[in-house]
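S.K.: Mind having a look at this structure? Questions to follow.
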């Protein structure tokens, strides 16, 4: 049985390992343990953030973190020092296909520049939204239902806090993650540069149907 609880600082070492295994080959994992630890720790410290840990038999087997939309600049400022150290100690990152794209977007955020126009004309929904920033389950645990349990906890807490909608982004080629989101009722409403943006409306007046 999977139990979802608030993420605690004592869970971070194992959760970092879960992240590295789940995102092997992705840029944020290639930056190393210290960077991933700093990334996850931010969600424990910021009042706008939500952080959950999925446990099985008393051991962390997955996590989910999210934050109110607009969190990006503050998170990137917090991670600037850790990011520089991670890049210097992991020089192979310069050859990672996601490196240039991510560096450009994060520098634009730090400098207050607007994001490039998306390939689909889309207006962000009215009201306050929260972003599902990261979710992972230990791919070696063999435990089923971890992702679904984490998403249910996230959406329930987001609704409890009064958010109107939730949002997440995922690479178009990540079909496994997309399947989880769509099974949970999320709808893809936007696309830009190979990244899909999924939404789920939490208020009673909105609909998640076609």
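None of the figures in this text is laboratory data; all of them are computed from the coordinates on show. Keep in mind the model is a prediction, meaning the values are calculated, not measured. Glycine gets a Cβ as well: all are built from the backbone with ideal geometry, and neighbour counts include every protein chain shown.
S.K.: What full-extension length gain, to one decimal in nm, is calculated for residue 122 and residue 144 as 0.36 nm per residue of separation minus the Cα-Cα distance? Each step should come with its number before you reach the end.
M.R.: On the way: separation 22, 0.36 × 22 = 7.92 nm, distance 3.49 nm.
My answer for the length gained is 4.4 nm.
S.K.: Something else: Rounded to two decimal places and with Rh computed the Kirkwood way over Cα pairs, what is Rg over Rh for the stretch 2-201?
M.R.: Across the stretch 2-201, the Cα-based Rg/Rh ratio is 0.93.
S.K.: Still on this structure: Provide the gained length on full extension for the span residue 161 to residue 183, in nm with one decimal, where the gain is 0.36 nm per separating residue minus the Cα-Cα distance. If you can, show how the numbers build up before the last one.
M.R.: Numbers: separation 22, 0.36 × 22 = 7.92 nm, distance 2.35 nm.
Going from the current span to full extension adds 5.6 nm.
S.K.: I'd like the projected area of the stretch 13-55, averaged over all directions, using the convex hull of its alpha carbons. Report it in nm² with one decimal. Present the calculation step by step, with values, prior to reporting the outcome.
M.R.: Details: hull surface 12.8 nm².
Over all viewing directions, the stretch 13-55 projects a mean Cα-hull area of 3.2 nm².
S.K.: In vacuum, with every alpha carbon of the stretch 1-72 counted as one equal point scatterer, what does the Debye formula give for log10 I(q)/I(0) at q = 0.11, 0.13, 0.15, 0.22 Å⁻¹? Two decimals, please.
M.R.: Results for the stretch 1-72 at q = 0.11, 0.13, 0.15, 0.22 Å⁻¹ read -0.26, -0.36, -0.48, -0.99.
S.K.: Which of 176, 130 comes first, and how do the rest follow, when ranked by fewest Cβ neighbours within 10 Å?
M.R.: Values: 176 9, 130 27.
Listed from fewest to most nearby Cβ atoms, that is 176, 130.
S.K.: Another question, then. How would 140, 90, 19 line up from fewest to most surrounding beta-carbon atoms within 10 angstrom?
M.R.: 140, 90, 19
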